[in-house]
């Protein structure tokens, strides 16, 4: 009887700890996905260009200054694409068609911090569109140029041809479109000569970022799994006793 009471007490304590950890982590994730707005201070280059002292640039002035030099795009809202670079890689048979893309962009936001993710798709002849990659969540940080995001991906299951690339920047909490750019807006993303990689080669996806929070989410979910699994094991042990 004493052994059963002791196991029950351990189970109760473990369940309480697991529940508390879950609630705390859920609230932290929700907080992490909320955009925050503050007064944006300029860096030295922005202040010099606008002939203003460092630290006195208002939020709206910083936004207007950044948007005025942004790359052309089809849609923008509280966030926009500032710069974008694309490199075609892997032409193994030297036929002028490539099977790997490296895409890097810097996006800005009216907020000091705005969690987002990116959806990449290719548009072929006739307007047919195929999503090739959806990124993890990363943070946009005001008008900083240090929050760039990049991916490298293989092209799979697509016929040889000329493609346009479309990138949609999505709000991490709502999924709403924040900004969009494609080959219809800039020559950088237009008329890309692409072909499928060999069928016996696995697709490779690689991300790098100056503002990624994806790994934190993965670690947090792993902790939740550990606590819940531990709780189930202890509950099962208590039942056998």
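Among the numbered conditions (1) assigned to a strand (DSSP E or B); (2) at pLDDT 95 or above, the only one that residue 207 does not meet is (2). Find the residue count for segment 116-131, including only residues that are modelled with pLDDT under 95 and buried (at least 17 other Cβ atoms within 10 Å of the Cβ). Here the count works out to 0.
Restricting the first member to segment 89-104 and to residues that are on the phi < 0 side of the Ramachandran plot and without any contact (Cβ under 8 Å) to a residue 12 or more places away in the chain, and the second to residues that are in a loop (DSSP other than H, G, I, E, B) and crowded, with 19+ Cβ neighbours inside 10 Å, the beta-carbon pairs closer than 7 Å and six or more apart or on different chains are 91/97. Mind listing just one residue for me: the one in segment 83-110 that is crowded, with 19+ Cβ neighbours inside 10 Å and under 16 Å from the mean Cα position of the chain (by Cα) and, of those, nearest to residue 197 (Cα to Cα)? Applying the filter and picking the extreme gives 103. Taking into account only those residues within segment 133-148 that are touching a residue at least 24 places away in the same chain (Cβ under 8 Å) and under 23 Å from residue 197 (Cβ atoms), which is surrounded by the most Cβ atoms within 10 Å (Cβ to Cβ)? That would be 135. Can residue 174 be described as out of contact with any strand residue (DSSP E or B) (no Cβ under 6 Å at 6 or more places or on another chain), surrounded by 15 or more Cβ atoms within 10 Å (Cβ to Cβ), at pLDDT 70 or above and within 27 Å of residue 129 (Cβ to Cβ)? Answer is no for this residue.
The values are calculated or read from the model by the stated rules, or taken from the named source; none is laboratory data. No experiment lies behind these values; they were computed from the predicted model shown. Neighbour counts are summed over all protein chains in view; Cβ atoms, including those assigned to glycine, are modelled from backbone coordinates with ideal geometry.
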